[in-house]
Ligand code: SF4
């Protein structure tokens, strides 16, 4: 039935499904019911977050990938494993980290038996943003690491360019008070780098994460 017939917007956004005042567990429990945009339908399941709900660092990625969609856990695929290695190498304690995505359902294009990753549009990012805002409000991390362009659109605005500002500490006023953001690339871009540039791309990601480690160390 079309939205014209039902009178309901095609992408109402997630707000009406986000429980007010809920902790991370309550948010996670409510997310499977979300119909804030059309991405829920072809996906296997919602993929919410993982890690310490009282973490000092939140890592925000793009959307779940194929492996994450099947397992229901974020950052367990190849890019997630690379990110974990980079976090360890930067000296950030895994117990200090909360991981989530700007968009909670896998967007893909079917091709034969395969499902090809498809970048979320601004409308999907906007629709899903209430979940991210609610998570960051309850986790209240000291630093938010912005992994790639989709997370940057959600958290720092549509015009923000990660490549221009990676590794910088960006101070912004948010609805929960002042917050520090450190933008960097998404770990999948390291995996996609040509063979002869991959080590360099990985080292640059670790260097950006060391900026985060420095902020944590300075805060004590
Ligand atoms: S992508 Fe986000 S807004 Fe869209 S249905 Fe999934 S949880 Fe809801």
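What to note about this one:
- Selected residue [on the phi > 0 side of the Ramachandran plot, out of contact with any helix residue (DSSP H, G or I) (no Cβ under 7 Å at 6 or more places or on another chain), touching a residue at least 24 places away in the same chain (Cβ under 8 Å) and buried (at least 19 other Cβ atoms within 10 Å of the Cβ)] from 72, 51: 51
- Test for residue 204: is it out of contact with any helix residue (DSSP H, G or I) (no Cβ under 6 Å at 6 or more places or on another chain), surrounded by 14 or more Cβ atoms within 10 Å (Cβ to Cβ) and in contact (Cβ under 8 Å) with a residue 60 or more places away in the chain: no
- Residue check, residue 65 surrounded by 15 or more Cβ atoms within 10 Å (Cβ to Cβ) and within 15 Å of the chain's Cα centre (by Cα): yes
- The condition of being within 12 Å of the ligand (Cβ to nearest atom), surrounded by fewer than 22 Cβ atoms within 10 Å (Cβ to Cβ) and over 19 Å from residue 73 (Cα atoms) holds for only one of 127, 123, that being 123.
- Single residue of 157, 148, 177 found to be in contact (Cβ under 8 Å) with a residue 60 or more places away in the chain and farther than 18 Å from residue 213 by Cα: 148
- In the set 138, 99, only one residue is more than 12 Å from the ligand (Cβ to nearest atom), within 22 Å of residue 34 (Cβ to Cβ), buried (at least 23 other Cβ atoms within 10 Å of the Cβ) and at pLDDT 95 or above; that residue is 99.
- Residue 118 fulfils the conditions (1) within 22 Å of residue 9 (Cβ to Cβ); (2) free of Cβ contacts under 8 Å to residues at least 60 places away in the same chain; (3) surrounded by 24 or more Cβ atoms within 10 Å (Cβ to Cβ) except for a single criterion, (3).
- Check on residue 149, farther than 15 Å from residue 65 by Cα, away from the ligand (no atom under 16 Å from the Cβ) and either at pLDDT 95 or above or crowded, with 23+ Cβ neighbours inside 10 Å (or both): yes
- Number of positions in region 165-180 that are out of contact with any strand residue (DSSP E or B) (no Cβ under 7 Å at 6 or more places or on another chain) and within 14 Å of residue 60 (Cβ to Cβ): 1
The values are calculated or read from the model by the stated rules, or taken from the named source; none is laboratory data. All figures in this text were calculated on a predicted structure; none of them were measured in a lab. A quick note on method: Cβ atoms are made from the backbone with ideal geometry, for glycine too, and the neighbour counts reach across all protein chains shown.
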